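Only one structure is covered here, and it is reproduced in the block below.
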Amino acid sequence: MTTHAPIQLFDPVSSTYTYLMFDESTRDAIIIDPVDTQLARDLAALKQYGLRLKYVVETHAHADHITSSATLIEHTGAIAATPMFCNVLPAAIQLKDGDVLTFGDEKIEALHTSGHTAGSMSFVWHEHVFTGDTLLIGGCGRTDFQSGSAEALYDSITLILFKLPDNTTVWPGHDYKGQTSSTIGIERKTNPRLNNEHGERRSKESFVELMHALNLPKPRLIDQAVPANMILGLHHDAGANDMTTYAIAPAVSYAGDISPELAHQWMLTGTAVLVDIRSNAERAWVGFIVDAVGIEWKVWPGMVANANFEVELKAAVPAGSKVMMLCRSGVRSIPASERAQSLGYTAYNILEGFEGDPDGEAHRGQKGGWRYRGLPWRQN
Ligand SMILES: N[C@@H](CCC(=O)N[C@@H](CS)C(=O)NCC(=O)O)C(=O)O
Ligand SMILES: [Fe+2]
């Protein structure tokens, strides 16, 4: 018989647990609550186990760390799934209570367990529950910010999570004391937030009073983390632009670097063809540019080079034309511009791509990509 166990990974700075689960035969995988600073660790784990990441799942929009969702998706071609009421708009899958995600023959079910935040979810997989910050070991998530509600948390814990079988393993979103897992039975009987000193279940009023008296300091990163997590952890700095927007900066191995604004103008006037070289998965995930030609530079799964790039480019764009290469952040579009130039096109690289560089730095004077500069795009 196959035993099902999640791989539990820990970020010591934010005390966050990330979980990786996969189907043993197909190697399709999902990850729950990945942390931006642990990207290399998580990519290495996917490689080590030979996995194809299908979904990046969030239990809520975190206040204490930034997710690596967007970057993981760019690397792997996975799809983001976030709780519907967290309003993380770029996530392709907006989870409702009872929704099931499938990876290989494996299934994981989303339960809407509001309270820590209004949108918070827990996930049930075999005899395991990933509780995010709804239920912690001997504790529970705080309810004093981000649409938190102690009343809702009491109901979610007592009426939803405590109704799971006692032997269900509880895998929390954080632990600040080095504990790794618990069970529903243990938490139901001994969790001090839910039970009084005599081991009796607290009333909702007593729980609410306790939660309101916690007076915890604000998470250190809340002001950066929440806005970043609302867009899957993409960092961008829209607005600032200290380069002449319509200038062409000549390049050595292709015709030059141009701003998204100039690219847009050239597209409207028919001066050049915009070639969107993001993977199909990325475009489906975050959005399309109307009238752009889509030719993948790297292909999911594994983000391997598209062997048909030359054939597809030649089929789509007449030889000798001007082309403008656009990717997500302006990195992949550089080798793609060089390639197009070597194939006889006059090739321009669009600075900062669709989203803008994730490090938030100004690259060659440009900040923010196509979308964050307010240029037109569509969701699908
Ligand atoms: N000290 C941490 C804050 C930790 C924190 O507030 N964690 C939230 C989860 S996002 C919580 O619910 N903690 C519950 C508790 O500490 O009892 C930081 O600055 O990031
Ligand atoms: Fe949280």
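Please treat every number below as a calculation from the coordinates, not as lab data. Nothing here was measured: the structure is a model prediction, and the numbers come from that model. Positions of Cβ are generated from backbone atoms using ideal geometry, with glycine treated the same way; all protein chains shown enter the neighbour counts.
Below is a table of values for the structure above.
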item	result
Highest to lowest packing among 202-215, 265-278, scored as the average C-beta count within 10 Å	265-278, 202-215
Karplus-derived HN-Hα couplings along region 180-192 (A = 6.51, B = -1.76, C = 1.60, θ = phi - 60°), whole Hz, x at Gly and Pro	10, 8, 9, 10, 4, x, 5, 5, 4, 8, 10, 4, x
CD proxy at 222 nm, helix term only [per DSSP H run n ≥ 4: -39500 (n - 2.57); per residue of the chain; nearest 500]	-6000 deg cm²/dmol
Region 126-233 shape via C-alpha gyration tensor axes, a/c threshold 1.5	oblate
Efficiency of FRET from Cβ geometry, ALA284 and ILE186, R₀ 30 Å, rounded to 0.05	0.10
Cα gyration tensor category, rounded, prolate or oblate, for region 258-380 with a/c compared to 1.5	rounded
DSSP beta bridge pairing in the chain, given as percent antiparallel to the nearest 5	55
Sorted by Cβ density within 10 Å, fewest first, the residues ILE160, ILE350	ILE160, ILE350
Whole-Hz couplings from phi, Karplus 6.51/-1.76/1.60, listed for region 112-127; x for Gly and Pro	6, 10, 6, x, 4, 9, 5, x, 3, 10, 10, 10, 9, 9, 6, 9
Cα gyration tensor shape for region 13-102, rounded if a/c is under 1.5, else prolate or oblate	oblate
